[in-house]
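Data block below; observations after.
Bear in mind that the values in this text are calculations on the coordinates, not laboratory data. Everything quoted here is computed from the prediction, not taken from an experiment. Positions of Cβ are generated from backbone atoms using ideal geometry, with glycine treated the same way; all protein chains shown enter the neighbour counts.
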Amino acid sequence: MQPRRPPAGRAASWDSAYRKPAFVRLADAGLFESPVLDSGCGTGEHALFLAARGFDVVGVDIAPSAIAKARQKAGERGVAATFLVADAMELDALDRRFRTVIDSGVFHVFETTEEVARYVANLHAVLEPEGLLHLMCFSDEEPGSWGPRRVTRDELRTAFAVGWQIESIEPAEFEVNGPDRSAKAWLVR
């Protein structure tokens with residue numbers, strides 16, 4: 001499944017030029033360990049933030065233009081992070097394991113049970129035993145129909161029922177470039 005692309009010359013609604021406060025709080029709380037994978041990193045804000053804090057970070061995205069922008073930002077900021085064009089459905093092809101994985105807005109793009117299961121299996125394949133996944137997705141508590149599909153707590157519990165231990169599912173907010181500038185989300189650890 002390919003993410004929807006914005007019209008030429010416009011930023012995608014998900015491509016904010018800043019990192020999500022929820023991930024900053026997690027970093028401040030010491031809930032990241034190297035190496036870190038940013039799955040669906042977009043233009044790299046989370047990866048660059050963590051790399052600037054000294055973490056070994058790899059950001060992957062299916063969009064070559066997003067990875068090019070992330071690499072450009074890394075060069076401009078003098079931050080050492082690796083950015084690769086890769087499919088989140090084929091993370092096992094990275095042939096590498098990570099202590100921490102971030103998903104900021106990828107999980108909710110998968111629409112079928114099979115797609116979700118395949119993505120979760122790929123996350124499991126690259127996460128070290130006892131590693132941490134920090135996942136933020138659109139919540140079913142977001143009203144209206146703008147944006148990606150909404151995800152329920154039950155869907156998250158079901159998707160991560162086998163081989164995972166869910167520590168928390170908390171309400172959060174995405175700051176986006178859309179009409180309301182924020183959207184209700186779930187932050188899963």
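Mind checking the full-extension length gain between Arg149 and Arg53? Use 0.36 nm per residue of separation minus the Cα-Cα distance, one decimal, nm.
31.3 nm
For Cys41, enumerate residues with amide H under 5 Å from its amide H, sequence gap 5+ or separate chain, H modeled in the peptide plane.
Amide H to amide H, under 5 Å and 5 or more residues apart or across chains, Cys41 pairs with Val60, Asp61.
For Arg25 and Ala117, FRET efficiency with R0 = 22 Å and r from the beta-carbon atoms, rounded to 0.05?
Efficiency for this residue pair is about 0.15.
Label the chain by shape, choosing from rounded, prolate and oblate, from the square roots a ≥ b ≥ c of the eigenvalues of the Cα gyration tensor; if a/c is under 1.5 it is rounded, and otherwise prolate applies when a/b is larger than b/c, oblate when it is not.
rounded
Is there a quick way to get the dipole size of segment 88-189? I mean about its Cα centre, with the Cβ of Lys and Arg at +1 and of Asp and Glu at -1; what is the value in debye to the nearest 20?
Charge dipole, segment 88-189, about its Cα centre: 120 debye, nearest 20.
In terms of modelled amide H atoms, which long-range or inter-chain residues lie less than 5 Å from the amide H of Leu133?
Val101
Which residue fluctuates most in the GNM of the chain (Cα springs below 10 Å): Leu133, Leu94, Leu156?
Leu94
To the nearest 20 debye, what is the magnitude of the charge dipole of the chain about its Cα centre, counting +1 on the Cβ of each Lys and Arg and -1 on the Cβ of each Asp and Glu?
Here the chain has a charge dipole of around 560 debye.
Please build a GNM for the chain, connecting alpha carbons under 10 Å apart, and tell me which residue among Ser65, Ser139, Ser34 fluctuates the most.
Taking springs between Cα atoms under 10 Å, the residue moving most is Ser65.
At most 16 other Cβ atoms within 10 Å plus a DSSP loop assignment makes a site exposed; report the longest stretch of the chain without any exposed GluC sites (Glu not before Pro).
34-110
Once you put a point 7 Å from the Cα of Ser182 and another 7 Å from the Cα of Thr158, both along the Cβ direction, what distance in nm separates them?
3.0 nm
Could you work out how much longer the chain between Glu175 and Ala125 gets when fully extended? Use 0.36 nm per residue separation minus the Cα distance between them, nm to one decimal.
15.1 nm
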